[in-house]
Amino acid sequence: MIDAGTLNLDEGASVRRAAAEPAAFDVVYDRYFSRVWNYVRYRVATPETADDLTSEIFEKALRKLGSYDPAKGVFSGWLFAIARNSVRDHYRSDKRWKSLFTLLSAAEPRSEPDPIDRIVEDDERRQVLTAIAGLSERERDVMGLKFGAQLTNRHIAALTGLSDSNVGVIVYRAVGRIRQKIKAENDAGR
């Protein structure tokens, strides 16, 4: 997990510089790209869609950088608010909303030397994705922020309007439900 303290160390300086000099935005982009992409990937159908949305998110962030107010919160919270809204807008414009299982099961298989290992990994991934698909929209959102974006409970709480402890409870219960569903599926398959 990424240490939020390390990210905030020179975050303010990087953001102020990028706001004054847009060419300096590359430092901000490099720092947050993988976290934003991972969050978006948790929420959309294909890696290509994640690429497109992530690009749009950073374009919006660059255009609106002048409106970022550090007094209102950390930059990562502001950036992930843009990411969450972009994903929501994507689904509003795409009337054919699909479950997370359908979305992520379309991911391209990784090339692995041993086909048996790949089959086992694909089956495990399918089980997890099936279980995640059974979660509520709020739970999937919180799980995406927690594991895809690697945000702390405090940052997730600030983004979602939930309390830190409520975020922790949602993650704990969602992980428990995922484990139960996978166990039940494995028990039924015996």
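The values are calculated or read from the model by the stated rules, or taken from the named source; none is laboratory data. Since we're looking at a predicted model, the values are computed, not measured. In case anyone asks, the SASA skips ligands and DNA or RNA and just uses the protein heavy atoms, side chains included. Shrake-Rupley method; radii C 1.70, N 1.55, O 1.52, S 1.80 Å.
What ranking of Ile182, Ile156 comes out by heavy-atom accessible area, probe 1.4 Å, highest first?
In descending accessible area the options line up as Ile182, Ile156.
Considering only protein heavy atoms, with the full assembly of protein chains and a 1.4 angstrom probe, order Thr130, Thr49 by accessible area, largest first.
Details: Thr130 60, Thr49 35 Å².
Putting Thr130, Thr49 in descending order of accessible area: Thr130, Thr49.
Take Val36, Val120 and sort them by solvent-accessible surface of the protein heavy atoms, 1.4 Å probe, largest at the top.
Val120, Val36
Report relative contact order for the range 8-66 in percent, whole number only (criteria: Cα-Cα under 8 Å, sequence separation at least 6). Before the final figure, lay out each step's value.
Values: 32 pairs, mean separation 19.1, N = 59.
Value for the range 8-66: 32 percent.
Run the numbers for Ile182 and Thr46: contour at 0.36 nm per residue of separation, minus the present Cα-Cα distance, in nm.
Difference between extended and current length: 46.6 nm.
Kindly report, to the nearest 10 Å², the accessible surface of Val175 as traced by a 1.4 Å probe over protein heavy atoms only.
Counting only protein heavy atoms, Val175 exposes about 40 Å² to solvent.
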